[in-house]
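What follows is a single structure, written as structure tokens, with notes after it.
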Amino acid sequence: EKKPVQWDPTDIKAELLKKYPPKVARKRARQILINEALENDTPEILANVRTIPGIITMRGCTYAGCKGVILGPTRDIVNLVHGPIGCSFYAWLTRRNQTDAGEDGEQYMNYTFSTDMQDSDIIFGGEKKLEMAIQEAYDTFHPKAIAVFATCPVGLIGDDIHTVARKMKEKFGDCNVFAFSCEGYKGVSQSAGHHIANNQVFRHIVGTNDEPQEGEYRINLLGEYNIGGDGFEIDRIFKKCGITNVATFSGNSTYDQFATSHQADLNCVMCHRSINYVADMLETKFGIPWVKVNFIGAEATAKSLRKIAAYFGDQELIDRVEKVIEEEMPAVKAAQEDVLPRTSGKTAMIFVGGSRAHHYQELFKEMGMKTISAGYEFAHRDDYEGRHVLPKLKVDADSRNIEEIEVEPDETRYRPRKTPEELKALEEAGLKFKSYEGLLPDMEEGTLVIDDLNQYEAEKLVELMKPDIFCAGIKEKFSIQKLGIPMKQLHSYDSGGPYAGFKGAINFYNEIDRLVNSRVWSYMKAPWQENPQLSGAYVWE
Ligand code: CFM
Ligand code: HCA
């Protein structure tokens, strides 16, 4: 049995900063926070700022956030990358967003569409080539829409992808073509790409289909990407409850779902970081309010379902939701009771994206495990401190290069879903609109919250605090495992999942139990590293 490691967070922080030159240490010091409870306040963290050159960051680029994250999971839009083939190849099916091609079978996710830019295109311009590629995609597939994504060189040489897209859209007449200026270098991380994607999806698709949609209790699920089938599990639960999910942004989604999403009556925001812009625009233009939900964790799932039921306020729905929770919980509780004796008291570290480092703490709590250090790659201050604390940060590094689109109420289609009095009554009953908790207030005192953790600090942190499990992405996976610590990818879920909803919670408990209790990690050192005298001599006979 391993004894719990004791540490002083102040020492850990000092140790992490020790190797840096003074200027770097000063900046990092503001991004490494020892969590504390302040009387009426939340500690302030420096977030969403440039990574210092030379540091091996865990972050990705703006193109990844736009093309890979937001548009990647939509199955029937041809996603055409204007750029060198590496950018396309690297984004080809790496995110494990699943899809169900449904009845129409239209599904382009397995393909990688690229203009495959060459040196000559960089020198003489690539617009003609882009035009030809759009034409070829149209002739081959006749899709509903073609989305064009700019990679770094496109911005540097100045190809006008928007004009090309407009021209081709007019030429085809029956295919929506639009473009994203999501050059990789544009923001400080993936986050800028989310914003660019949100703007263009809203401008070019949302609200373009007024054909009435069927179903009661109509919601949109924003910020759920169906990684490892999470969205399938959430949809299963919605169905059971009788809740109609008009559109998921963007797990297992279609063009038409986005186009009709303005007909929903409530927006449920799961990953606030990646999609809050769409939530705000849908509210301003069409009058749909939004609430924060979280389907990671069985308790969190139950809570989110109750929130949705409370919003609609219909007794029939409230009862049905309670019945579903009652039906689903026994299996969850049984799995939880099974693992608890082996997982209680263990420790975790979580460093992922912009919302999971927070959401997954729910699941660990359900297993009796404590998250001793966590942080985001690219979240903004509101994700750390809470949206109700920081309503909306107008000035942030990402926004410098990104146009804020002005959205006005749509005169003919704006429909307030609730009267101001109804909204107020719901707020008073505990349903908070347009707000979410941050990571900081949710974590225990004395834990270390670190923004934009890097390779060096990750290894140091593990060495010093020896967690029972470390959660991050593929770039961190093997360096952490080499330190003898179990590593779980919380981006791709390795090959596992779903982890959302009730069934997902059971999967997660079992998998983490196996990982933190496996003896394989004690064999990480080769026998001759432990006992040098074991090294033998090779003898010729
Ligand atoms: Fe939202 Fe995501 Fe995340 Fe994200 Fe991502 Fe992802 Fe992530 Mo990887 S949208 S912020 S940009 S929950 S791809 S599905 S796992 S870093 S924590
Ligand atoms: C991205 C996608 C990513 C990467 C995951 C990882 C994902 O940021 O471009 O580093 O393992 O979830 O697939 O976040």
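Below is a table of values for the structure above.
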read-out: Lone unmet requirement of (1) buried (at least 21 other Cβ atoms within 10 Å of the Cβ); (2) modelled with pLDDT of 95 or more for residue 240; value: (1)
read-out: Selection from the range 137-156 of residues that are farther than 22 Å from residue 90 by Cα and open to solvent by 40 Å² or more (accessible area, probe 1.4 Å); value: 139, 140, 141, 142, 144
read-out: Helices (runs of 4 or more DSSP H) fully within the range 190-300 counting 2 or more residues that are aromatic (Phe, Trp, Tyr); value: 230-241, 255-260, 272-286
read-out: Some residue of the range 203-223 being crowded, with 20+ Cβ neighbours inside 10 Å, of a type in the set (Gly, Ala, Ser), within 16 Å of ligand 2 (Cβ to nearest atom) and under 28 Å from residue 127 (Cβ atoms); value: no
read-out: Close pairs from the range 316-341: first under 17 Å from residue 503 (Cβ atoms) and open to solvent by less than 80 Å² (accessible area, probe 1.4 Å), partner aromatic (Phe, Trp, Tyr) and in a helix (DSSP H, G or I), Cβ under 7 Å, at least 6 apart; value: 328/502; 332/502; 335/509; 336/509; 339/509
read-out: Filter pass, residue 122 being under 22 Å from the mean Cα position of the chain (by Cα) and either on the phi > 0 side of the Ramachandran plot or in a helix (DSSP H, G or I) (or both); value: no
read-out: Of all residues making up the range 60-82, the number that are crowded, with 24+ Cβ neighbours inside 10 Å, more than 16 Å from ligand 1 (Cβ to nearest atom) and among the aliphatic types (A, V, I, L, M); value: 3
read-out: Positions within the range 296-315 being buried (at least 16 other Cβ atoms within 10 Å of the Cβ) and on the phi > 0 side of the Ramachandran plot, in sequence order; value: 297
read-out: Residue match in the range 343-353 (condition: in a helix (DSSP H, G or I) and touching a Ser or Thr at 6+ places or on another chain (Cβ under 9 Å)); value: no
read-out: Per-region count, the range 31-59, residues open to solvent by 20 Å² or more (accessible area, probe 1.4 Å), more than 21 Å from residue 190 (Cβ to Cβ) and assigned to a loop (DSSP other than H, G, I, E, B); value: 8
read-out: Residue within the range 453-476 that is more than 22 Å from residue 29 (Cα to Cα), in a helix (DSSP H, G or I), open to solvent by less than 10 Å² (accessible area, probe 1.4 Å) and not β-branched (Val, Ile, Thr) present; value: no
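The values are calculated or read from the model by the stated rules, or taken from the named source; none is laboratory data. Because the structure is a prediction, the values reported are computed rather than measured. With ideal geometry, Cβ positions are generated from the backbone for all residues, glycine too; neighbour counts draw on all protein chains shown. Just so you know, the surface numbers come from the protein's heavy atoms only, side chains and all, with ligands and any DNA or RNA stripped out. Shrake-Rupley method; radii C 1.70, N 1.55, O 1.52, S 1.80 Å.
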